[in-house]
Amino acid sequence: MMNKTKHSARFGVKKSSLAKRNLYKFFTNRMAVLGLSIILLMVLAAIFASLLSPYSPTTVDPANRYLPSSAEHWLGTDQLGRDLLTRLLYGGRVSIFVGMSGAICAALVGSVLGCIAGYFGGKVDSVIVYISEIFMVFPQILLVLILVGFVGQSLKNLIIIFTVTGWASVCRIVRSRILSLKEETFVESCRANGIGGMSIMFRHMLPNTMGPIVVNITLATAGFLLQESALSFLNMGVPTSIPTWGNIINAARNMNVIQNYPLMWIAPGVCICLFVLGVNFFGDGLRDVLDPT
């Protein structure tokens with residue numbers, strides 16, 4: 001009993017020291033910390049948009065069209081008299097939500113299918129790998145455009161489309177990791193103790209693949225946010241009645257606005273660039289910490 005207690009204490013110390021080393025490694029990476037800071041700042045600004053701005057992002061005020069920057073309207077107003085800063089804050093909610101939701105849902109689907117393919121092998125593995133290869137052969141943005149044309153524009157449809165088109169890469173990552181873990185001693189011990197296949201896959205093997213999955217989620221978030229912005233700019237993404245960074249740029253797609261009111265398209269473009277840059281810096285930092293390869 002005493003030996004067991006000592007072993008547990010020693011294991012806890014090792015686990016704690018590993019976590020401390022990982023945290024130290026992350027926070028000494030200046031670019032990763034910068035990326036995390038950008039993400040937190042922009043996410044908090046989007047969440048507390050109603051506290052940061054007294055204006056509505058959708059209320060039209062024709063009497064105050066194209067106002068320049070001032071104490072009342074820090075970034076001015078657009079062609080319909082809507083406060084630009086307010087629309088950026090509320091638009092960040094939708095754009096970030098779509099990007100993160102699509103990445104998380106795609107990771108969930110890909111992780112489940114990757115576990116099943118890697119653990120069972122055989123025909124099950126062949127079918128899942130074949131389907132994932134079909135999705136990976138075509139450019140993702142092309143598949144997204146085709147599916148948007150079929151199912152139509154909406155926030156929910158866009159998240160579903162990102163999930164359908166983005167699960168394959170996570171599936172391949174998880175499958176390769178499961179194939180290597182399948183021969184480990186702890187898996188053989190689980191089988192010898194009568195633990196079922198589902199429990200072995202999702203309770204014992206899947207947690208050992210979380211590092212690459214988390215890194216993939218962060219990088220996919222940036223990719224999906226860019227795709228949502230591109231689709232919204234083309235009037236094929238989120239409906240124009242909902243403020244997003246892509247829709248704000250789309251609203252400024254006018255030669256008069258481009259030449260005379262550049263802040264209307266520069267501001268949302270800067271928001272997109274900053275968030276994507278922050279996510280990429282953060283993802284690279286996580287990769288250094290979590291992914292042993």
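The values are calculated or read from the model by the stated rules, or taken from the named source; none is laboratory data. Source: prediction; values computed, not measured. Glycine gets a Cβ as well: all are built from the backbone with ideal geometry, and neighbour counts include every protein chain shown. Areas reflect the complete protein model, heavy atoms only, side chains present, ligands, DNA and RNA absent. Shrake-Rupley method; radii C 1.70, N 1.55, O 1.52, S 1.80 Å.
Modelling each spin label as a point 7 Å along the Cα-to-Cβ direction, I'd like the Met236/Met198 distance in nm, to one decimal.
According to this spin-label approximation, the distance is 4.0 nm.
Expressed as a whole percentage, what fraction of the accessible surface of segment 220-293 belongs to carbon and sulfur atoms when a 1.4 Å probe is rolled over the protein heavy atoms?
Values: 2160 of 3240 Å².
That share works out to 67 percent.
Using a simple spin-label model with points 7 Å from Cα along the Cα→Cβ vector, what separation in nm is obtained for Ser56 and Ile160?
3.0 nm
Under a crude label model (7 Å from the Cα following the beta-carbon direction), how far is Arg253 from Phe48 in nanometres?
In this crude spin-label approximation the distance works out to 3.5 nm.
Which helices, counted as full DSSP H runs in the chain, have an axial Cα extent of no less than 27 Å and a Kyte-Doolittle average of -1.0 or above? Working shown, then result.
On the way: long enough: 2-27 (37 Å, -0.83); 84-120 (53 Å, 1.49); 155-181 (38 Å, 1.16); 210-233 (34 Å, 1.23); 263-290 (39 Å, 1.53).
Qualifying helices, which must be both long enough and hydrophobic enough, are 2-27, 84-120, 155-181, 210-233, 263-290.
How would you rank 193-201, 239-247, highest first, on the average number of other Cβ atoms within 10 Å across their residues? Intermediate results must be reported in sequence, preceding the final value.
Details: 193-201: 12.6, 239-247: 21.0.
Those peptides, ordered most packed to least, come out 239-247, 193-201.
Tell me which residues come under 5 Å, amide H to amide H, from Asn235 once H is placed; ignore anything under 5 positions away on its chain.
none
Given a Förster radius of 45 Å and the C-beta distance between Lys20 and Ala71 as r, what FRET efficiency does 1/(1 + (r/R0)^6) yield to the nearest 0.05?
On the way: r = 47 Å, r/R0 = 1.05.
That pair, Lys20 with Ala71, gives E of 0.45.
Considering the values [x] 14.2; [y] 19.8; [z] 16.8, which represents mean projected area of the Cα convex hull in nm² as calculated for the structure under consideration?
From the options [x] 14.2; [y] 19.8; [z] 16.8, the structure gives [y].
Rounded to the nearest 500, what is the 222 nm mean residue ellipticity of the chain from helices alone, with -39500 (n - 2.57) per DSSP H run of 4+ residues and division by all residues? Show your work: numbers first, answer last.
Numbers: 12 runs with 213 residues, N = 293.
-24500 deg cm²/dmol, from helical runs alone.
Counting pairs of alpha carbon atoms under 8 Å apart in space and at least six apart in sequence, what relative contact order in percent does the chain give?
On the way: 401 pairs, mean separation 74.5, N = 293.
In percent, rounded to a whole number, it is 25.
Could you do me a favour and compute the accessible area per residue for the chain, 1.4 Å probe, result in Å²?
Numbers: 15830 Å² over 293 residues.
Using a 1.4 Å probe on heavy atoms only, each residue of the chain averages 54 Å².
Could you tell me what percent of the accessible area of segment 100-186 is made up of carbon and sulfur, with a 1.4 Å probe and every protein chain present? Kindly include the intermediate steps, with their values, before the conclusion.
Working: 3160 of 4410 Å².
So the carbon and sulfur contribution to the accessible surface is 72 percent.
Checking the cross-link filter: which aspartates and glutamates have an alpha carbon closer than 18 Å to that of Lys156, excluding same-chain neighbours under 8 positions apart?
Here the aspartates and glutamates satisfying the reach criterion relative to Lys156 are Glu228.
I'd like the FRET efficiency for Thr185 and Leu145, computed as 1/(1 + (r/R0)^6) with the beta carbon distance as r and R0 of 30 Å, rounded to 0.05. The partial results should precede the final answer.
On the way: r = 48 Å, r/R0 = 1.59.
Here the calculated transfer efficiency is 0.05.
Once the piece of chain linking Thr28 and Lys123 is laid out straight, how much longer is it, given 0.36 nm per residue of separation minus the C-alpha distance between them? Please list the in-between numbers first.
On the way: separation 95, 0.36 × 95 = 34.20 nm, distance 4.60 nm.
So the extension gain works out to 29.6 nm.
Once R0 is set to 41 Å, what does the formula 1/(1 + (r/R0)^6) return for the Cβ-Cβ distance between Leu108 and Asn64, expressed as a FRET efficiency to the nearest 0.05?
Numbers: r = 45 Å, r/R0 = 1.09.
The formula returns an efficiency of 0.35 here.
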